[in-house]
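The values are calculated or read from the model by the stated rules, or taken from the named source; none is laboratory data. The structure displayed is predicted, hence computed values, not measured ones. Methodologically, a virtual Cβ is constructed for each residue, glycine included, from the backbone with ideal geometry; neighbour enumeration extends over all protein chains shown. Heads up: the accessible areas ignore ligands, DNA and RNA and are worked out on the full protein's heavy atoms, side chains in. Shrake-Rupley method; radii C 1.70, N 1.55, O 1.52, S 1.80 Å.
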Amino acid sequence: MKSYRKELVINTQTRRAYVNITNEVEKALYESGIKEGILLCNAMHITASVFINDNESGLHQDFENWLEKLAPEKPYSQYNHNGFEDNADAHLKRSVMGREVVVAVTNGKLDFGPWEEIFYGEFDGKRNKRILIKIIGE
Amino acid sequence: MKSYRKELVINTQTRRAYVNITNEVEKALYESGIKEGILLCNAMHITASVFINDNESGLHQDFENWLEKLAPEKPYSQYNHNGFEDNADAHLKRSVMGREVVVAVTNGKLDFGPWEEIFYGEFDGKRNKRILIKIIGE
Amino acid sequence: MKSYRKELVINTQTRRAYVNITNEVEKALYESGIKEGILLCNAMHITASVFINDNESGLHQDFENWLEKLAPEKPYSQYNHNGFEDNADAHLKRSVMGREVVVAVTNGKLDFGPWEEIFYGEFDGKRNKRILIKIIGE
């Protein structure tokens, strides 16, 4: 069994953002030399997500509006977690969107359906955040 | 390390549906000959889910009602993604229910608790949709 | 390829609770002797979650308040699943928080970011519930 590990670093200019990381994940898979196996990609921070969905900016705006309705950022005082922090909403939003994806690796490629792309969802940005890619197989 | 890959195809008669795929996943595991490892099962489309929950029709009706409350299908105009599309709600519903499950394989079986069963959750059906099963182990 | 399997048993004194299981998962990883691979940790019951987030009690209270808003326990009669059961809300809450986590194993350790810890989220407790840990690698 082979394994490969890589970190990506992202620093978004806004508190919330959706960043397409599909190319970086494909690059890591190519570097690994692994042809058959499983790829894990996860946010290493608890106010961010890695998820698979559509590369369509209107949908990303819908995510933003919808998550703000489900778990509004403000007023900050509505959350027990806030005080020293102001990011309780980011922890909740990340819970909806998920921490990680697991992707099949087949013939050296991400084994994706026609519209699947990998996104980093940032909910408390403007600072360096890390994403982990771990691949096992052979 | 052995690996095995199989696709299922589902075409639901309604826009939304919950389909028990546990038997098909068990069949794929049997075909693989893998006794110890990990099984990944994911929707290959971004308006559908694979998830584990109870095989109880009342609960599935509760999922339907609840997801319609969290991310209503209509009016279509409430979503930026819609226009050429009418399925923004399906992308959101799938985000709540999840894209994939990862299941332990022990002694050649899905290593499940007493009530765990695998479902395909369709949120934009009436056409062929694919599900991927990937198993690694030995 | 090596594999290792372990069950944890938890019995919470309240219907809902968040239990930090990071130490138990680390102990299982140490017992496995696996240095490189993937660790799966999942609830074996369909009214509970395993998830990764912050070890902060204010945030856990926020989870409780937020999940009760998204999928209230009462009135029980609002859910088709209830009747013999009273736990439909627990199935919905678990859907938001997720069934499982998959964690990279690197150099014999959980490959975590600075604040990641693993929690068991109980939504229908006061009885024995099981958690599965499965590790594959070498």
Q: Look through C:86, C:124 and report the one residue that is within 27 Å of residue B:67 (Cα to Cα) and within 13 Å of the chain's Cα centre (by Cα).
A: C:124
**Q.** Residue count, the stretch C:117-134 (criterion: of a type in the set (Asp, Glu) and surrounded by 22 or more Cβ atoms within 10 Å (Cβ to Cβ))
**A.** 2
(Q) I need a count of the residues in the stretch A:76-100 that are in a helix (DSSP H, G or I), under 30 Å from residue A:54 (Cβ atoms) and either of a type in the set (Gly, Ala, Ser) or facing chain C (nearest Cβ under 7 Å) (or both). (A) 6
(Q) Given the condition hydroxyl-bearing (Ser, Thr, Tyr), within 14 Å of chain B (Cβ to nearest Cβ) and not in a loop (DSSP other than H, G, I, E, B), answer yes or no: does some residue in the stretch A:114-132 qualify? (A) no
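Given the options A:69, A:109, name the one that is within 30 Å of residue C:2 (Cβ to Cβ), basic (Lys, Arg) and open to solvent by 10 Å² or more (accessible area, probe 1.4 Å).
When all the criteria are applied, what remains is A:109.
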Q | All positions within the stretch C:101-113 that are in a loop (DSSP other than H, G, I, E, B) and either basic (Lys, Arg) or under 16 Å from residue C:54 (Cα atoms) (or both) | A | C:111, C:112, C:113
Q: Output the residues belonging to the stretch A:1-24 that are open to solvent by less than 50 Å² (accessible area, probe 1.4 Å) and within 10 Å of the chain's Cα centre (by Cα).
A: A:18, A:19, A:21
Q) Hey, residue A:94 hits all of (1) farther than 18 Å from residue A:112 by Cβ; (2) open to solvent by less than 10 Å² (accessible area, probe 1.4 Å); (3) over 12 Å from the mean Cα position of the chain (by Cα) but one; which does it fall short on? A) (3)
Q.
Checking the conditions here, which among B:40, B:70 is among the aliphatic types (A, V, I, L, M), within 14 Å of chain C (Cβ to nearest Cβ) and farther than 22 Å from residue A:111 by Cα?
A. B:70
**Q.** The lone exception for residue A:60 - which of (1) over 14 Å from the mean Cα position of the chain (by Cα); (2) open to solvent by 10 Å² or more (accessible area, probe 1.4 Å); (3) not charged (D, E, K, R) it fails
**A.** (1)
Q) Can you name the residue in the stretch A:25-56 that is without any contact (Cβ under 8 Å) to a residue 60 or more places away in the chain and not in a loop (DSSP other than H, G, I, E, B) and, of all such residues, is least open to solvent (accessible area, probe 1.4 Å)? A) A:31
Q: All but one of (1) under 13 Å from the mean Cα position of the chain (by Cα); (2) open to solvent by less than 20 Å² (accessible area, probe 1.4 Å); (3) acidic (Asp, Glu) hold for residue B:100, so report the exception by its number.
A: (2)
Q: Tell me which residues, restricted to the stretch C:1-24, are under 26 Å from residue C:91 (Cβ atoms), within 14 Å of chain B (Cβ to nearest Cβ) and among the aliphatic types (A, V, I, L, M).
A: C:8, C:9, C:10
